[in-house]
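The values are calculated or read from the model by the stated rules, or taken from the named source; none is laboratory data. Please read these numbers as outputs of a predicted model, since none were measured by experiment. Because the Cβ atoms are built from the backbone with ideal geometry, glycine has one as well, and the counts that use them run over all protein chains shown. What goes into the accessible areas is simple: the full protein's heavy atoms, side chains included, and nothing from ligands, DNA or RNA. Shrake-Rupley method; radii C 1.70, N 1.55, O 1.52, S 1.80 Å.
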Amino acid sequence: MKSTPAILVRRVKRGRMDSYSSLLLRRVREDLLMNVIKTAIEGVVIIEPRIFNDPRGYFFESFSQREFDEKVGPIRFVQDNESMSRYGVMRGLHFQRPPLAQSKLMRCVRGAVLDVAVDIRKGSPTYGQHVAVELSEENHRQFFIPKGMAHGFAVLSDIAIFQYKCDEFYHPEAEGGISILDKSLGIDWHIPVDQAILSEKDTKHPLLNDFDSPFTL
């Protein structure tokens, strides 16, 4: 965590908040509120909010358009979704085809999930590779994936409530997917996959090697 510069603290105490000090205070505040962690796949990031705890409980900013624009990118989300699932449920690996592709910002507000993004952009140096992160009500982490990723998650707790933002509306005609059970992806789902609960639709997606991606760099 970054500390407030001593000169700024002195100016605040003395009531001398010139324009430079105000700007500096704003930048320090923003740096403290949202930590963005880059991953092995370009554009895929983990976001850790600053949690303010006191005897009453806690508070944090779960989303700030201004900070997101500055630290991740100028994305405009248009739809929020929520799902509830029980232990062992696996959903994915989903995407929407261009020109209706979606970027997503995920969080888990109850329980815990393993959230995964697979790079399916032709020409990408990380094509077929994945990033996995545990999202939970305790760590408050968020996971951002840009267009060109296949997304899925596995439920690690008894119950999980999963929320995510999308920058494009849902279009069933543009739905696509690759198999969440594809062993060639090398994903450790942290649950017994042979006992996983999948929708019928998710059992019919092709393996990555049999898949012709609509995404290119």
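All but one of (1) buried (at least 17 other Cβ atoms within 10 Å of the Cβ); (2) under 18 Å from L185 (Cβ atoms); (3) of a type in the set (G, A, S) hold for A112, so report the exception by its number. Going through (1) buried (at least 17 other Cβ atoms within 10 Å of the Cβ); (2) under 18 Å from L185 (Cβ atoms); (3) of a type in the set (G, A, S) one by one, A112 breaks only (2). State yes or no: is E61 modelled with pLDDT under 95, closer than 16 Å to K165 by Cβ and either open to solvent by 60 Å² or more (accessible area, probe 1.4 Å) or not in a helix (DSSP H, G or I) (or both)? Yes: the conditions hold for E61. Pairing residues of region 48-66 that are without any contact (Cβ under 8 Å) to a residue 60 or more places away in the chain with residues that are among the polar types (S, T, N, Q) and open to solvent by 60 Å² or more (accessible area, probe 1.4 Å), at Cβ distances under 9 Å and at least 6 apart in sequence or on separate chains, gives R50/N35; F59/N53.
Applying the condition of being under 19 Å from the mean Cα position of the chain (by Cα) and buried (at least 19 other Cβ atoms within 10 Å of the Cβ) to region 179-188 and asking which residue is nearest to V72 (Cα to Cα) yields I187. Just one of the listed residues (R76, R91, R97) is at pLDDT 95 or above and touching a helix residue (DSSP H, G or I) at 6+ places or on another chain (Cβ under 6 Å), and it is R97. Taking residues in region 189-217 that are among the charged types (D, E, K, R), and partners anywhere that are assigned to a loop (DSSP other than H, G, I, E, B), the pairs with Cβ atoms closer than 7 Å and at least 6 places apart or on different chains are D202/I180.
Of all residues in region 77-109 being among the hydroxyl-bearing types (S, T, Y) and open to solvent by less than 10 Å² (accessible area, probe 1.4 Å), which is nearest to I145 (Cα to Cα)? Filtering region 77-109 for residues that are among the hydroxyl-bearing types (S, T, Y) and open to solvent by less than 10 Å² (accessible area, probe 1.4 Å), the one nearest to I145 (Cα to Cα) comes out as S103. Quick check on region 133-143. Is at least one of its residues over 11 Å from the mean Cα position of the chain (by Cα) and of a type in the set (F, W, Y)? No, region 133-143 has no match at all. Figure legend. Inter-residue proximity from region 145-166: first residues surrounded by 22 or more Cβ atoms within 10 Å (Cβ to Cβ), second residues among the hydroxyl-bearing types (S, T, Y), beta-carbon distance below 6 Å, spacing 6+ or different chains. Indicated pairs: V155/S85; V155/Y87; A160/S85; F162/S83.
Please work out if R86 is modelled with pLDDT of 95 or more and within 23 Å of A160 (Cα to Cα). In short, yes.
So which residues in region 66-76 are closer than 11 Å to L105 by Cβ and either part of a strand (DSSP E or B) or open to solvent by 40 Å² or more (accessible area, probe 1.4 Å) (or both)? If the condition is that a residue be closer than 11 Å to L105 by Cβ and either part of a strand (DSSP E or B) or open to solvent by 40 Å² or more (accessible area, probe 1.4 Å) (or both), then V72 is the only one that fits.
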